[in-house]
1. Below 8 Å, C-alpha to C-alpha, sequence gap of six or more: please give me the relative contact order for the stretch B:90-225 in percent.
2. Which is farthest toward the positive dipole end of the stretch B:107-247 among B:225, B:153, B:166, measuring Cα position about the Cα centre, with Cβ charges +1 (Lys, Arg) and -1 (Asp, Glu)?
3. Between the stretch B:56-70 and the stretch B:210-258, how many Å separate their Cα centres?
4. Rank the residues B:180, A:116 as a footprinting-exposure proxy: fewest other Cβ atoms within 10 Å of their Cβ go first.
5. To the nearest 500 deg cm²/dmol, what mean residue ellipticity at 222 nm is calculated for chain A from DSSP H runs of n ≥ 4 alone, each contributing -39,500 (n - 2.57), summed and divided by the residues?
6. How long is the stretch B:1-108 along each principal axis, judged by its Cα atoms, biggest number first, in Å?
7. Express the relative contact order of chain B as a whole percentage, based on alpha carbon pairs under 8 Å and six or more residues apart in sequence.
8. If packing is taken as the average number of other Cβ atoms within 10 Å across a peptide's residues, how do A:27-36, B:222-231, A:155-164 rank, most packed first?
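Each reported figure results from applying straightforward, stated rules to the coordinates on display, with no laboratory input. All values derive from a computational prediction rather than experimental measurement. Don't worry about glycine lacking a Cβ; one is built from the backbone with ideal geometry, like all the others, and counts go over all protein chains shown.
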Amino acid sequence: MPWSTVFDNVLLPLRLARRAGPAERERTAAEIRSVGLTGFEQAYPRQLSGGMRMRVSIARALVTDPDLLLLDEPFAALDEITRMALNDDLMRLWDSRRPTVVFVTHSVFESVYLSTRIAVMTPRPGRIVADLPIELAQPRGRDLRTSPHYATLCATVSRHLAKAMAAGIR
Amino acid sequence: MTPRPAMKQTRARLWRIAAPLAVGGVVLALWETIVWVEGVPPYILPGPVLIAETLWIDGPSLLGSLLVTLRITLAALAAAAIIGGGIALLFSLSRVLALSLFPYAVILQVTPIVAIAPLIIIWVRQPFLALLVCAWIVAFFPVVANTTVGLNSADRNLLALFRLYGASRGQILRYLKLPTALPYFLAGLRISGGLALIGAVVAEFVAGTGGTETGLAFRILEAGYRLAIPRLFAALFLLSVTGIVIYLLLDALSRLLLRHWHESAIEEEEE
């Protein structure tokens, strides 16, 4: 919401649930800290970069401590550097509370880096044509991006994706 | 040497004030010269100097009349803001109400106020109230129309988010629709500010000597009958200054309320 501060934006789900007491405010502040936006609590969205706004959205989604998180191309509009940083932060946040995350992306590299399981879909109609387990150790760090094993997995997913796209076009 | 950005900005701001002032000065000088050279009599067209003198002499009594007109204008504007906003709110809450009543709001708006002012003055006995109603009829529509659009322009994604979190209708209104509508409401109010003044003047024209107190419009009428054209111009000048001041105040209010987030209120790109 462009008219509210970062703090009020993150507090929104709790406020809508009519739970906005001191405990919830404390929790909101903690959530803003956990996505690395300390000091920006009273900033307005237009003063933030695209990546920071996305962090606010994530904090808002996490503030209710959900068991399931649905993310539909959350980082699509961001540049590569910001995207990688947010990938790492998302992994860290996931690791600390382990919700189930359904993450839609158009990036093969992002999918392999983040997932434990990848479903490849065809365009129009959207059907799942491949279900690939990704058995990479947790926690995953920066080194993974350059490892040969990661490259092989990316190649496999790319192959399935190319097949799915071809099926969709026909 | 190229000017530094800060200097450039100061210069741009200076131009914004100096350029219109210069144009005004040239026009006034030209006006005075023509009146002087051609020997135009003051009861046809008085020169700016004579008007300024009249303004100085008649100032106190004109100011008293201005106060009367201003009271009507501000009361009508306040009523337009409150009742207009209320009507828009009702429209957004009930589609049936909006569909059935909006045409009548339009009818009220398009009917010339001069045509219905005599009726209102007959029906509403109290003169101040009668003039207030006339000015309000002219002024309320922009607020209703703009605010209605604003209340219906909530971001679809945000609306979906609110629904997802199980927000009640009241919560959606308070946390989403009202903030979204605020810039629209303020834009409507800025238009209404000028219209309220026009409405008050027109109503005074129609009312003639509406009661013991006489507004600025009646003074204009009176000056016209007496061929006291310099006084007419002086009253006219006061009227337009009042209009400008009302506009500037509403503009400042709008900037103040929207300064944190709305594009319209952001001066220049930071950094």
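1. On the way: 130 pairs, mean separation 42.0, N = 136.
Computed over the stretch B:90-225, the figure is 31 percent.
2. The residue sitting farthest along the positive end of the dipole is B:166.
3. 9 Å
4. Values: B:180 21, A:116 11.
Taking fewest neighbouring Cβ atoms as first place, the list is A:116, B:180.
5. On the way: 6 runs with 84 residues, N = 170.
Value at 222 nm, helices only, nearest 500: -16000 deg cm²/dmol.
6. Principal axes ranked by extent give 65, 54, 26 Å for the Cα atoms.
7. Working: 288 pairs, mean separation 66.4, N = 271.
Relative contact order comes out at 25 percent.
8. Values: A:27-36: 19.0, B:222-231: 16.8, A:155-164: 15.3.
Ranking the peptides A:27-36, B:222-231, A:155-164 by packing returns A:27-36, B:222-231, A:155-164.
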